[in-house]
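Worksheet: the structure to be examined is printed underneath.
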Amino acid sequence: MELKTPLYDVHVKAGGKIVPFAGYLLPIQYETGVIKEHMAVRTQAGLFDVSHMGEILCEGKDALVNLQHILTNDFTNMVDTVRCVTRTVEL
């Protein structure tokens with residue numbers, strides 16, 4: 001069974017054609033068509049749902065220190081089992 005990203009309902013509401021990809025249900029295009037999508041991104045802005053693209057499992061006594069070093073969010077008060085979208089720092 002495929003997983004859904006946090007933006008799944010947004011994609012469906014926007015008319016996305018949803019297909020299984022890499023274990024997730026993702027849009028491959030919208031009702032407006034790929035040329036209009038392309039032009040909208042070129043002339044305005046676009047959003048790419050990357051929530052399916054990777055996970056980091058960080059364990060051990062230095063886990064928090066390492067997360068604080070390589071990612072931009074503050075994980076000091078984060079609890080186990082909670083997901084967080086963040087960016088990596090270029091080292």
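Every read-out reported here was derived from the displayed coordinates using simple, explicitly stated rules and does not represent laboratory data. Keep in mind the model is a prediction, meaning the values are calculated, not measured. Positions of Cβ are generated from backbone atoms using ideal geometry, with glycine treated the same way; all protein chains shown enter the neighbour counts.
Summary of computed values
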| quantity | calculated |
| --- | --- |
| Segment 27-86, residues that are without any contact (Cβ under 8 Å) to a residue 12 or more places away in the chain, of a type in the set (Asp, Glu), in a loop (DSSP other than H, G, I, E, B) and within 30 Å of Gly15 (Cβ to Cβ) | Glu55 |
| Residue check, Ile35 among the β-branched types (Val, Ile, Thr) and surrounded by 10 or more Cβ atoms within 10 Å (Cβ to Cβ) | no |
| Extreme residue, nearest to Asp80 (Cα to Cα), among residues of segment 29-46 that are of a type outside the set (Ser, Thr, Tyr) and touching a helix residue (DSSP H, G or I) at 6+ places or on another chain (Cβ under 9 Å) | Gly46 |
| Selection within segment 1-28 - basic (Lys, Arg) and farther than 24 Å from Cys84 by Cα | Lys17 |
| Residues of segment 38-60 that turn out to be among the acidic types (Asp, Glu) and surrounded by 10 or more Cβ atoms within 10 Å (Cβ to Cβ), as a count | 1 |
| Subset tally (residues that are touching a Pro at 6+ places or on another chain (Cβ under 7 Å), closer than 13 Å to Asp49 by Cβ and outside any strand (DSSP E or B)) for segment 1-24 | 2 |
